[in-house]
Each structure stands twice: as C-alpha cells, then as structure tokens.
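Below is one structure, written out as structure tokens; comments come after it.
Only the coordinates and a few stated rules stand behind these numbers; no lab work does. Everything numeric here is computed off the predicted structure, so don't read it as measured data. Every residue, glycine among them, receives a Cβ derived from its backbone with ideal geometry; neighbour counts consider all protein chains shown.
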Amino acid sequence: MAKWKHPLTGLKKDDLRVIESLAYDAMKYFGYEAAHVENPCDVLQFTDAQLREFAILNKEGVEEMIEKLKEEDRADYNRRVHQSEVLKMSAKRLSKRWSIDDAFRAAKKTDTILQKLNDSELMEEYTEEGILEGFGTFACGASSQKGYYPADPMKENQDSFDIRIANDAQNHFFGVFDGHGTDGGRCSQLCKSTIGDLYEEQLTKGRTTKVAIMNAHIETHGIMTKSAAINAELSGTTSVIAYLNRSSLTIAYAGDSAAIIGSKSNRRSPMLLTNSHDLSRPDEVARIERKGGVVMSTEEYDKIKAHMTRKNSKSLARSILNKSLHSDSLHTLAAHERESIPRTDSVGKQAQSQRDSRRKKSTLEDSSHFHMSLSDLMKNSEPPRSKSTLQSQTLDTTDHSLNQSLRNVINLALTNSLISPVPDQSYVPRIWSGTSAEKVPGCAFTRSLGDIVAHKIGVTEKPSSSS
C-alpha cells in the first residue's frame, strides 16, 4: 500500500481518494492510514444507480481484458482460467508432512480435487511444536508453493525455510529465504544452512540479538559471493528472520519479504512488522543513486538507451548540458528525423547515394553506441558550443547527477514526442547499472544476499531489525 502514496510512482490523488473511499474499512483493518479520507464521514456516497453502473463498467472492462489476453497470450489466458477453477474449489488439507511421491500420484488418480492441480501448484508443508518458557506450548510451520512461469513450468521452487526449536524452551529461530535468478535456489539453500548456525555462534560470543543477526547476514553474503558452487552475479535471495525468546520477538529482514503478526483471540489486529526494502522508499533510492545506480522502469531504460544511441542523441544531450532548448533547435532536430524526398536527376542520385552512405555509417556508429553504458553515452555527448558555466563540468556517477541527467533526457524526449510515455499503471521502477553496457541488474528490491552486480551499485545485505 505504501507504493500507492509514493510521490513518483504512486497513484494520482483522485484515484487514491476513490480507492480509500470505497475500501476505507478494509484498509483500516489492515493498518493502512488513509491519505485523503480522514474518517468514515468523508467516505464518498454512491447511489444504487451509480453502483449498478460501476458494476456494468467493471464487467465490461474485465471481459475486454480477458478477450485481449486471449489474443495476446493464450498460454497465460489458459493459466488464469485454470487458476480461477482451482480457487473456486473447497480447501483440503492433505497431511502434516508429505511430499510428491508415487503414493501421492496414485492418490491423485482418484481424487477429483488433486486432479485439478499440477505439481507446480502443490505446496510443501512442515509443522512442529515447541515450548516457550512461561507461556506453554506453541505450534509453528512452513508452507511453500513455487510461482508459475509459463515459459518454464518446471522451474524449481527457490524458496527455503529454517525452523529451529530450542531444547531449552527459551530461544527459537525462524527464517524464510526467497531466492531469485538462475541460482536463486542454491542461494536460499545456503542461507537456510548457514545463517542460523552463524547467528548461534555470534550469540555464544556475547553479541546482542540484533548484532548477531547482522553479522550472520554479512558473513553468509560473503560465503555466497565467493562460493564456486553458486553463480551469484545476478542471483541471490531475500531474507526475513524471527527470533523468539521468553520476553521478546525480534524481526530482521533484507529485501521485500514480509513478516506479519496477528492474534488468534483478536483476528482484527494483524500488523505488518517489516518495511520492504524497495524503490518506494526514498532513503533506499538515495543510497542506490549515491553508488552510481540508475532508477527507472524497464520501458524507460529501453527507450532512453535506444534514443541516446541515435545520431541526434549528441545534439539532445548537448542541449541539456547547455541548459537551453530553443524552438529553432527543436525544428532542426525534428528535420533530421524526417526522410528527405529523393531527387531523380543525376545530382539528386549522387546526393541520395551520399546520404545512404552516411546513413549506413551512422547505423554502424549507433550499433557501437548501443553497447556503451548510460554514463558513457552522457560523457561522450558533445560539449556545449556556447560559453557556459557547465562547459567544464564533468559527469560524476557517484551521486545523483547521472540519474538527473537521464531524467532530463527522458523529459526532453517526452516533450518532443521522440519517445512515448510509460503508462502510470505499469510503471515499476528498477535498478540499473549506469556504468555497464549490459542491461543489468534490473531488480526492484534494494537489499539482498548475493546479487554481486547489484551490490556494486548500492544494494546491501545488511538487514533492518526491530524488537
């Protein structure tokens, strides 16, 4: 919900007000603080006729979306139909501990519910009981279901969990690790087998709970990035840890995995215990940009890099660095974009041949430019031709200047319709390297273990924690 109110990527005020008005009670129930509706008295009131109209518009919109999806991505459409059928079925608990084995597959042949499911939709489950001194027994468990990938339906489940029930009934450890990337499964498995051990080792050395968890994450990250068995360049894992003892509960997390606490006696009191490390947080964005990372959506990255590699990108960048953009230069830039009308006489043919030669050379130059980094594209732009205080300014990729320069390029290109805007509803900011010619890392989280490329531009393994 915090993403809705983000100043750059959030919803517009009017849209947010409508959502808050319609779902005020439900949002308050989940701990959301309304930004534009102060109390229930401010909720917008709709007539029955308006509600019926909304229902019709919603139905028509859904039907249109379904038909469009059916044409554009038949596989995803079939998946959603199947998913809808599964969700309508009654829940059925299989057992406390089970795995997908021959006996289970045999049961699937006669069970109508199981027949609707494929292996990728089954959940691995684990339960255990423990004792907390002064409070009695408690039950804990873990359940994991891998995501669905139409292009790779057999992709492994990259989630791992670690539950350590202490024999002394005082200190209990719980961890969940969500892997990502080609070696994400290995990364999360390493965390499962390592963080808990290192954490307990730190405690024996007299470290506090928070310091022990911090050191365990840092050391595990070091092991992961140096392991010959794991390629952690673009693979890693998030982490969320819960440490329970007689008097307190400590939560530590790195990334966008969440922890929620609730009460069995008061079901209206769930509380989010984590504040996701993602690009909706200005403090996280600032750290990424200070380290030379670039924050923009995938669509923006593709469009701006393609645009800057074109022949006229130097003129565009020069205008920005000169902080002056005149209408004459815009017309000149637009004229370069238009195809000249070829002449039929011998002079015209010669001129056309020269233009074709220049165009071919330009294409080759553009191709080489495309394999340059974003910062190099900015640095290699022609300097301002007129005297300016910016004439001797160099681009410093260790602070926000690269992001600001690229944002200026985007805004200028948008103003002159040289690139099309990214729809608000599909805008997802991601982290990109400003100094790599490759399109990496493209992650939306700002903390993780592993992810060597992302860590070079500000992503960190250090967790946040609270008690």
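Can you tell me the order of 196-205, 236-245, 61-70, 249-258 when each peptide is scored by its average per-residue count of other Cβ atoms within 10 angstrom, highest first?
On the way: 196-205: 15.8, 236-245: 25.7, 61-70: 11.3, 249-258: 21.9.
Most protected by this proxy first, the peptides run 236-245, 249-258, 196-205, 61-70.
The residues neighbouring residue 212, those whose beta-carbon lies less than 13 Å from its own, together hold a net charge of -1 under the Lys/Arg +1, Asp/Glu -1 convention. Among the listed pairs 28/264; 88/146; 12/291, a Cα-Cα separation exceeding 28 Å is found for 12/291.
Could you tell me which of the pairs 155/226; 70/439; 210/462; 210/456; 192/226 are separated by over 22 angstrom between their Cα atoms in the structure shown?
Working: 155/226 25 Å; 70/439 30 Å; 210/462 11 Å; 210/456 25 Å; 192/226 17 Å.
Beyond 22 Å between Cα atoms: 155/226; 70/439; 210/456.
Full extension of the chain between residue 71 and residue 420 yields a length gain of 123.3 nm, computed as 0.36 nm times the residue separation minus the alpha carbon distance.
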